[in-house]
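Taking it in order: structure first as structure tokens, then the write-up.
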Amino acid sequence: MHVSHLSLADFRSYARAEVPLDPGVTAFVGPNGQGKTNLVEAVGYLATLGSHRVSSDAPLVRMGADRAIVRAAVVQGERQQLIELELNPGRANRARINRSSQVRPRDVLGIVRTVLFAPEDLALVKGDPGERRRFLDELITARSPRMAGVRSDYERVLKQRNTLLKSAAMARRHGGRQMDLSTLDIWDQHLANAGAELLARRLDLIATLRPLADKAYEQLAPGGGPVSFDYRGPAGIEGAHTREELYEALLAALAEARKQEIERGVTLVGPHRDELLLRLGELPAKGYASHGESWSYALALRLASYELLRSEGDEPVLVLDDVFAELDARRRERLAELVAPGEQVLVTAAVDDDVPGVLTGARFAVERGGVERV
């Protein structure tokens with residue numbers, strides 16, 4: 001699978017951009033702040049319905065415009081599809097597939113699959129648990145696009161449940177009449193239902209990803225591992241092996257935490273609070289791994305994701321956004337050798353020298369809002 005053409009309208013710094021793309025390696029080269037990352041960010045948005053740089057759509061719309069368009073022609077074997085997303089901050093986004101408007105944005109998921117390497121990846125190791133949860137959930141959705149709906153359901157239920165708990169907490173603090181919390185049992189069931197499916201997918205992913213990540217780390221930093229990771233969730237999930245068992249474990253954990261939740265006015269149990277603990281050798285990677293080891297670990301997670309997606313379907317587009325400038329010479333060359341055979345590899349760099357020699361292919365100069373093939 002590869003993107004053969006990318007079109008942008010009022011996306012980030014681009015009023016208009018038309019970028020033809022080939023299989024193999026394509027490098028976007030130009031000074032910082034000229035729009036290189038905006039191009040690969042648009043490709044990533046088509047794959048995930050989100051940006052790796054910001055948490056909302058508003059910054060993606062060019063200043064002065066009220067919407068942005070990201071459109072791409074995607075080749076999958078002998079088949080070609082045209083997909084389009086219209087970003088409308090504050091309103092519902094719109095989507096088209098092959099010019100049909102009768103689709104939801106999440107129907108686009110799965111047509112383009114990407115694995116993105118970026119300087120922000122260091123947060124996978126050094127950042128807070130939310131970074132690692134997001135990593136797991138985006139990869140889960142890439143494997144099974146319908147999980148976008150499950151994640152959306154979970155977030156909706158969580159919001160409703162938190163609203164009820166917050167109201168109860170406020171009433172208690174101000175000495176008001178005690179609220180009727182009988183509906184909390186229903187919200188517990190809804191939360192446990194969606195949460196159990198999400199948990200089951202996370203646990204399956206972790207088991208599959210663990211050996212791939214260890215292998216990738218050894219390729220990047222021979223003799224430096226092993227790497228491993230464990231999932232920390234509600235009490236009781238350790239012995240749960242089926243979705244039904246996870247559902248019961250979540251319900252039990254919610255019941256156990258209810259008094260504390262009512263006091264604090266927030267849901268304290270569920271996948272939104274869980275942690276992926278990364279280990280390097282016998283120690284937690286966070287706080288113990290050096291800067292170089294942390295980089296190798298983050299890159300290993302991305303390489304493992306790539307190998308997993310490639311083994312399960314169309315080969316994803318590899319995106320390396322200003323990564324090589326962050327790496328020492330050894331890691332730079334090892335990473336380049338590992339990704340060079342990819343069906344489509346998109347690279348951004350400030351100067352040509354930042355692109356390793358093994359990554360030969362098309363070059364685009366990006367400067368002053370223009371994208372020109374050289």
If I take every Cα pair under 8 Å that is 6 or more residues apart in region 19-99, average their sequence separation and divide by the length, what percent do I get for the relative contact order? 17
Whole-Hz Karplus ³J(HN,Hα) for region 125-139, in order, using 6.51 cos²θ - 1.76 cosθ + 1.60 and θ = phi - 60°, x for Gly and Pro? 9, 9, x, 7, x, x, 5, 6, 4, 4, 4, 4, 5, 5, 5
How big is the gap, in Å, between the Cα center of region 326-365 and the Cα center of region 40-72? 24
What is the set of long-range amide H partners of Leu268 at a cut-off below 5 Å, with H atoms built 1.01 Å from backbone N? none
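What percent do you get for the relative contact order of the chain when only Cα pairs under 8 Å and 6+ apart count? Show your work: numbers first, answer last.
Values: 666 pairs, mean separation 94.8, N = 374.
Once normalised by length, the contact order is 25 percent.
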Sorted by chain and number, the residues with a modelled amide H under 5 Å from that of Gly24, at a separation of 5 or more or across chains, are Gln344, Val345
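Using the crude model of +1 on Lys and Arg Cβ and -1 on Asp and Glu Cβ, and no other charge, please compute the dipole size for region 228-323 relative to its Cα centre, in debye to 20.
Roughly 360 debye for region 228-323.
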Rule-of-thumb check for region 45-132: C-alpha Rg over 2.2 N^0.38 Å? 1.23
Per residue value of the accessible surface for the chain (all protein chains in place, 1.4 Å probe), Å²: 46
So what J values fall out for region 37-51 if you push phi through Karplus, 6.51 cos²θ - 1.76 cosθ + 1.60 with θ = phi - 60°, rounded to Hz, Gly and Pro as x? 5, 4, 5, 6, 4, 5, 5, x, 5, 4, 7, 10, 6, x, 9
Amide H of Phe11: which non-local residues (sequence gap of 5 or more, or other chain) have their own amide H closer than 5 Å, using H built in the peptide plane? Arg62, Ile69
Taking the Cα centre of each part, how many Å lie between region 78-148 and region 201-260? 23
By the scheme Lys and Arg +1, Asp and Glu -1, what is the net charge of all other residues having a beta-carbon under 10 Å from that of Pro31? +1
Count, lysine Cα pairs under 29 Å in the chain, 8 or more residues apart or across chains: 7
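Calculate the dipole size of the chain relative to its Cα centre from +1 charges on Lys and Arg beta carbons and -1 charges on Asp and Glu beta carbons; express the result in debye to the nearest 20.
1220
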How much length, in nm to one decimal, is gained on full extension between Asn98 and Asn32, taken as 0.36 nm per residue of separation minus their Cα-Cα distance? 20.3 nm
Evaluate the charge dipole of region 71-156 about its Cα centre and quote only its size in Debye, nearest 20, assuming +1 on the Cβ of each Lys and Arg and -1 on the Cβ of each Asp and Glu. 320
A correct Karplus calculation of ³J(HN,Hα) over region 344-361, with 6.51 cos²θ - 1.76 cosθ + 1.60, θ = phi - 60°, whole Hz and x for Gly and Pro, returns 9, 10, 10, 10, 10, 7, 6, 9, 4, 5, 7, 9, x, x, 5, 8, 8, x
Rounded to whole Å, √(5λ) for the Cα gyration tensor eigenvalues of region 136-274, largest first, gives 35, 15, 13
Quick one: compute the contact order of region 191-343, relative version, from alpha carbon pairs under 8 angstrom and 6+ residues apart, as a percent. 28
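The values are calculated or read from the model by the stated rules, or taken from the named source; none is laboratory data. The shown structure was predicted, so the numbers you read here are calculated from the model rather than taken from an experiment. Because the Cβ atoms are built from the backbone with ideal geometry, glycine has one as well, and the counts that use them run over all protein chains shown. The protein model used for the area step is the full one, side chains on, heavy atoms only, and it has no ligands, DNA or RNA in it. Shrake-Rupley method; radii C 1.70, N 1.55, O 1.52, S 1.80 Å.
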